[in-house]
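Heads up, the thing below is written out as structure tokens.
The values are calculated or read from the model by the stated rules, or taken from the named source; none is laboratory data. None of the values given here were measured: they were computed from a predicted structure. So basically every Cβ, Gly included, is an ideal-geometry build from the backbone, and we count neighbours across all protein chains shown. Ligands, DNA and RNA are stripped out before the accessible areas are found, and what is left, the full protein with its side chains, is counted by its heavy atoms. Shrake-Rupley method; radii C 1.70, N 1.55, O 1.52, S 1.80 Å.
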Amino acid sequence: MVEPLVMLVRNQKNVATFVYIVSYPALQLNDDQSLSPIAKPAITGTVTKITLNPNNNLYSIHFKSNQKLQLNPKNVLRVAANPDDLPAAELLSHYGYRLKLPVGSDKFQTNFQKVFPSIKQLKTIPNHYIVVDCEFGTFFKRQFHAGDYHWLPTTINGADSTVFQLAALSYQANQQTSVYFDRLLDYPAFLPQKKLSALAASEQTLAEFEQTAKPVRVLKDFIDQVLAPQLPLVFWDQRQDLKSLHWLLTQHFQDLSAIQQTIVKQPLQVFDGEQYTNIVINRSNKKPLSTAHSLPLNGVAGLLNIFNPHQHNALWGAQTTHYVVNQMARVQAVAPQILERPQPVEQAVQKAVQKAELRQQQTKYQLVHQLRATGKTYREIAVSAGISVSGVNYILKKAKPIPAQTPPAITNLESV
């Protein structure tokens, strides 16, 4: 039996060398042979497994977000198994690497594995769900330089930002239900200007805002009100939102109650509106999702004639997501117009005339059979249909009756 791979070293020419280790986020190899988390990886989340497909000879790196990265062997410098089940640091030392994780990150990494242990991606819109949307704030640290204080971008446990506004709305059978969540977060690493804008938006006193916007308090209320029902979560683009929520819950995992910790350890069901829209856009392609479009929510809403008057607001974003994905479901439910080969004008006109004549003939044939079925004579039918008696005889003897067309059933798409 072949030992499963636990490490892959990738060389991205003229950029950097990246190392992927099972149970760790994507890492970058530094000049001193240390490994540190990539600040802005293309695919987020921890690596769950590394495989080699014998059919196409491609390596696949699978992430907790259910995304995967495929690599040609020519871009892979090294792969490794771990038959002796060595700790990651010891295994890496055999290859001259060492982990360089931020202070406290070992504990962070342990808790990270506990939060949302598995995520199931839904392909169809669930009947009862909660839409979640986030707005974000960047991390800064204050530094004294040249006789003055400056604010510089920074990272905390591998993240350079977190949730600034968190909103959620629940819907069932296309109707809004009881979950209504809209909170601002007062994170210590935000710029003072960010806090002032949040304070103004909250319409609270400073003391009230600092109490209600504490990250731990917001998270606890979010778990109790949004995650506890264990309904599927709907996002427009889950990558940034879910990544930030995962980080935030991990960062404050020890501050949660035992019941709340149990809730965030449960598997998630997720429906991604952007991925769904890509499926609808690519449904005529031979290979679904052969082209992945990065689709702005409000741009797609505009195409569907849905207008969000308060963009960059998480509560309004959640509502917009609900309307857009349901409108997109209606689009998918309608049979598409399949185009025919364009014709020169003369041929197109001739074709239209032929179709009209055929429909007229079919209607006349149907009328003749219907009149005969009522007991009319050939002569009476000929007068009513405006044709000769011999024509009536030809239709009744040689032309088969055309079955009546049954009107198509009307589907109520409001509940899609």
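The figures follow:
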read-out	value
Those residues of region 49-63 which are open to solvent by 20 Å² or more (accessible area, probe 1.4 Å) and closer than 27 Å to ARG239 by Cα, in sequence order	LYS49, THR51, LEU52, ASN53, LEU58, TYR59, HIS62
Residue satisfying condition, being at pLDDT 95 or above and on the phi > 0 side of the Ramachandran plot, within set GLN225, GLN230	GLN230
Elements of type helices (runs of 4 or more DSSP H) in region 182-242, at least 3 residues being open to solvent by less than 60 Å² (accessible area, probe 1.4 Å) and over 26 Å from GLN261 (Cα atoms)	192-202
Condition check for TYR95: outside any strand (DSSP E or B) and under 21 Å from THR17 (Cβ atoms)	yes
Count of residues meeting criterion [over 25 Å from the mean Cα position of the chain (by Cα), open to solvent by 40 Å² or more (accessible area, probe 1.4 Å) and at pLDDT 90 or above] in region 102-144	1
Subset tally (residues that are surrounded by 15 or more Cβ atoms within 10 Å (Cβ to Cβ) and either touching a helix residue (DSSP H, G or I) at 6+ places or on another chain (Cβ under 8 Å) or of a type in the set (D, E, K, R) (or both)) for region 24-36	2
Any hit, region 284-294, residues being open to solvent by 20 Å² or more (accessible area, probe 1.4 Å), among the basic types (Lys, Arg), farther than 25 Å from VAL47 by Cα and in contact (Cβ under 8 Å) with a residue 40 or more places away in the chain	no
Residue ranges of helices (runs of 4 or more DSSP H) in region 314-416 with at least 3 members modelled with pLDDT under 85 and open to solvent by 90 Å² or more (accessible area, probe 1.4 Å)	345-373
Every residue from region 301-310 that is open to solvent by 80 Å² or more (accessible area, probe 1.4 Å) and either within 19 Å of the chain's Cα centre (by Cα) or at positive phi (or both)	LEU303, ASN305
When residues of region 243-268 are limited to those that are among the aliphatic types (A, V, I, L, M) and not in a helix (DSSP H, G or I), the one surrounded by the fewest Cβ atoms within 10 Å (Cβ to Cβ)	LEU256
Number of the exception - PHE271 against (1) within 18 Å of ILE119 (Cβ to Cβ); (2) in contact with a strand residue (DSSP E or B) (Cβ under 7 Å, 6 or more places away or on another chain); (3) part of a helix (DSSP H, G or I); (4) of a type outside the set (Val, Ile, Thr)	(3)
Residue among LEU268, LEU242, LEU219 that is under 30 Å from ASP186 (Cβ atoms) and within 13 Å of the chain's Cα centre (by Cα)	LEU242
Hey, GLN176 open to solvent by 50 Å² or more (accessible area, probe 1.4 Å) and within 16 Å of THR320 (Cα to Cα) or not	yes
